[in-house]
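Scroll down for the structure; my scribbles are underneath it.
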Amino acid sequence: MKPLTGRKVLVIGLIAFAVVTAANLVLAYHANRTFSGLVISNSYIASQEFNARTRAQEALGWTASLAHADDRLDLEFRNKAGQPVRPAALAVSIGRATTTEDDRVLDLAHTGAGYSAPAALAPGLWIVTIEATATDGTPWAQRHSLHVKRGS
């Protein structure tokens with residue numbers, strides 16, 4: 001066996017450094033190619049639009065309540081006076097916080113006082129996204145966390 005010299009240690013170190021650098025460059029290339037990181041082009045304009053939407057939504061005075069039992073999701077809207085509200089348009093989606101694998105759009109039926117849809121959900125945390133439109137065209141949106149326990 002040949003002795004380990006300074007030259008061999010240098011070559012081993014350079015090869016290891018080259019392998020790590022090559023792996024980082026490949027990962028950086030693929031990360032940059034798949035998602036640029038740009039969510040919005042102008043954050044100032046987006047914040048102004050957000051503020052306007054928030055004020056309009058607050059002016060509606062709606063509150064939404066969710067309940068999940070017996071593999072059904074129930075949703076009710078109420079106005080400031082506590083009266084039921086029926087939006088002109090409604091879209092509800094549900095999914096997990098960490099993956100898109102279980103994401104789905106629910107087909108809610110109006111029940112008179114609210115809305116209901118079949119929703120067989122596995123135990124754990126679910127995110128419910130509600131998007132509605134008032135009869136005057138005002139958009140309304142909220143996200144709710146829903147914790148499903150075993151057997152509910």
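Would you be able to say whether some residue in region 93-102 is of a type in the set (D, E, K, R) and under 17 Å from residue 65 (Cα atoms)? Please lay out each step first, then the result.
Taking region 93-102 and keeping what is of a type in the set (D, E, K, R), we get 96, 101-102.
Within this subset, residues satisfying the condition of being under 17 Å from residue 65 (Cα atoms) are none.
Looking through region 93-102, none of the residues is of a type in the set (D, E, K, R) and under 17 Å from residue 65 (Cα atoms).
From the residues in region 69-111 that are in a loop (DSSP other than H, G, I, E, B) and in contact with a Lys or Arg (Cβ under 7 Å, 6 or more places away or on another chain), which one is modelled with the highest pLDDT?
Per the stated criteria, the residue is 85.
Counting only residues that are out of contact with any Phe, Trp or Tyr (no Cβ under 8 Å at 6 or more places or on another chain), open to solvent by less than 90 Å² (accessible area, probe 1.4 Å) and outside any strand (DSSP E or B), how many does region 112-152 have?
Going through region 112-152 one residue at a time, the tally reaches 10.
Considering only region 56-68, I want to know if a residue exists there that is at pLDDT below 90 and open to solvent by 30 Å² or more (accessible area, probe 1.4 Å). Step through it out loud before you land on a result.
In the first step, residues of region 56-68 are kept if they are at pLDDT below 90; the result is none.
Scanning region 56-68 turns up no residue that is at pLDDT below 90 and open to solvent by 30 Å² or more (accessible area, probe 1.4 Å).
Quick check on my filter: what residues within region 23-68 are part of a loop (DSSP other than H, G, I, E, B) and under 23 Å from residue 115 (Cα atoms)? Full working, then the answer.
To start, the set of residues in region 23-68 that are part of a loop (DSSP other than H, G, I, E, B) comprises 35-42, 61-62.
Once the filter is applied, which keeps residues that are part of a loop (DSSP other than H, G, I, E, B) and under 23 Å from residue 115 (Cα atoms), region 23-68 yields 61, 62.
Step by step: first the residues of region 71-92, then only those that are free of Cβ contacts under 8 Å to residues at least 12 places away in the same chain and open to solvent by 70 Å² or more (accessible area, probe 1.4 Å), then the one that is farthest from residue 135 (Cα to Cα). Which residue is that? So that I can check it myself, show each step before the final result.
To start, the set of residues in region 71-92 that are free of Cβ contacts under 8 Å to residues at least 12 places away in the same chain comprises 81-83.
This time we only want the ones that are open to solvent by 70 Å² or more (accessible area, probe 1.4 Å), so: 81, 83.
Working: 81: 17, 83: 15 Å.
Residue satisfying both the conditions and the ranking: 81.
The values are calculated or read from the model by the stated rules, or taken from the named source; none is laboratory data. These figures come from a predicted structure and were not determined experimentally. Positions of Cβ are backbone-derived with ideal geometry, glycine not excepted, and every protein chain shown enters the neighbour counts. The area values use the complete protein model at the heavy-atom level, side chains included, leaving out ligands, DNA and RNA. Shrake-Rupley method; radii C 1.70, N 1.55, O 1.52, S 1.80 Å.
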